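Notes follow the structure.
The values are calculated or read from the model by the stated rules, or taken from the named source; none is laboratory data. Quick caveat: nothing in here was measured; it's all calculated off a predicted structure. In this analysis, Cβ positions are derived from the backbone assuming ideal geometry, glycine residues included, and neighbour counts consider all displayed protein chains. What goes into the accessible areas is simple: the full protein's heavy atoms, side chains included, and nothing from ligands, DNA or RNA. Shrake-Rupley method; radii C 1.70, N 1.55, O 1.52, S 1.80 Å.
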Amino acid sequence: MNPPTYADVLAAAPIVHRYVKPTPLYEWPVLSQLLGCRFYMKHENHTPTTAFKVRGGIYLISRLPEVQKRRGIIACTTGNHGQSLAYACRLFGVRCVLVVPAHSNPDKVAAMRSLDAELIEHGRDYDDARQHCETIQQREDLRYVHSANEPDLIAGVGTYALEIFDELPDPDVILVPVGLGSGICGTGLVAAERRPPTRVIGVQSELAPAVTLSWRFGRPVETDTPRTFAEGMATRMPAEMTLAMMRRLVHDMVTVSDDALREAIRLLLRVTHNLAEGAGAASLAAAMQMRERLAGKTVVGVLSGGNLDLRELASILTSS
């Protein structure tokens, strides 16, 4: 498969916007004052699944050939990818089978089941579940939907970046949480076309740095099972398509501690009254860490999702 282009993102927009209205882009004055820059948040937690990935799910499922729609799809997920596919499959009447790691976020699991997905729990982490998913796919002849190596998925999620530039044409920096990189690749495609000087910077947890290390070394790097609570970033290895795109489109990658993610979750809840999951808070955590680099600039942080395990939220609030 060829990687998507900016033209593909433009083609995705009318289909995505048929089901998902543009999400808010707010400058939060308290955060701007705290960070010493004009700081905007792109609220992808305001989608029907409370995460950006629903855009890619809708576009990809809408474009499946009819024979594949009749057979159904299968995917591996830690939650948000699965919710996006389950939501889209219910829209288009497609069978949806999802493989999740054991002990996954129970709220995300419940949400996927509520969208009529068939769930299979397997393995200690995302990559264990992915291998099991691929075995089932071959046996049942379902369409395997990878969470990153899918041009239509990347084009679909890239529509949030179109919305950013439509409303704010001249951001200096866009900070994007990175799991396997579909969101930052879509953002990079749009930024390169709409405002090339804009720096696109990815953010990962220090405890799940596989994609960051791979981006820096220019080759795939596999790590041990991630220990971060931010399951949206918890992968052991990069994806081929998105890593190649990131090497071309991303200007920098930074990592933040899990304590910084927790602090950012608390700050977002207190200042903006928005709930962010670990990955969703990564852009603000990075902005806090990069205050000197960002001083005086116009900065957008992508709040990629708000599906935080409520047990984790209780722990975060009581440890403040």
Residues being of a type in the set (Phe, Trp, Tyr), open to solvent by less than 70 Å² (accessible area, probe 1.4 Å) and out of contact with any Gly (no Cβ under 8 Å at 6 or more places or on another chain) - total across the stretch 15-68: 1
Single condition residue 178 does not satisfy, out of (1) surrounded by fewer than 24 Cβ atoms within 10 Å (Cβ to Cβ); (2) of a type outside the set (Phe, Trp, Tyr); (3) under 18 Å from residue 4 (Cβ atoms): (1)
Condition met for residue 12 (part of a helix (DSSP H, G or I) and open to solvent by less than 60 Å² (accessible area, probe 1.4 Å)): yes
One residue from 87, 126, 144 being of a type in the set (Phe, Trp, Tyr) and over 21 Å from residue 63 (Cβ atoms): 126
Failed condition for residue 82, given (1) free of Cβ contacts under 8 Å to residues at least 40 places away in the same chain; (2) open to solvent by 20 Å² or more (accessible area, probe 1.4 Å): (2)
Breaking point among (1) open to solvent by 10 Å² or more (accessible area, probe 1.4 Å); (2) outside any loop (DSSP other than H, G, I, E, B); (3) not acidic (Asp, Glu), for residue 191: (1)
The stretch 91-148 - residue that is within 26 Å of residue 3 (Cα to Cα) and acidic (Asp, Glu) and, of those, most open to solvent (accessible area, probe 1.4 Å): 141
Qualifying residues in the stretch 98-143 (those that are at positive phi and of a type in the set (Asp, Glu)) - the one farthest from the chain's Cα centre (by Cα): 141
The stretch 120-150, residues that are of a type in the set (A, V, I, L, M) and either in contact with a Pro (Cβ under 7 Å, 6 or more places away or on another chain) or free of Cβ contacts under 8 Å to residues at least 24 places away in the same chain (or both): 120, 129
Residue check for residue 162: out of contact with any His (no Cβ under 9 Å at 6 or more places or on another chain), crowded, with 24+ Cβ neighbours inside 10 Å and not aromatic (Phe, Trp, Tyr): no
Odd one out for residue 227 among (1) in contact with a Pro (Cβ under 8 Å, 6 or more places away or on another chain); (2) farther than 23 Å from residue 38 by Cα: (1)
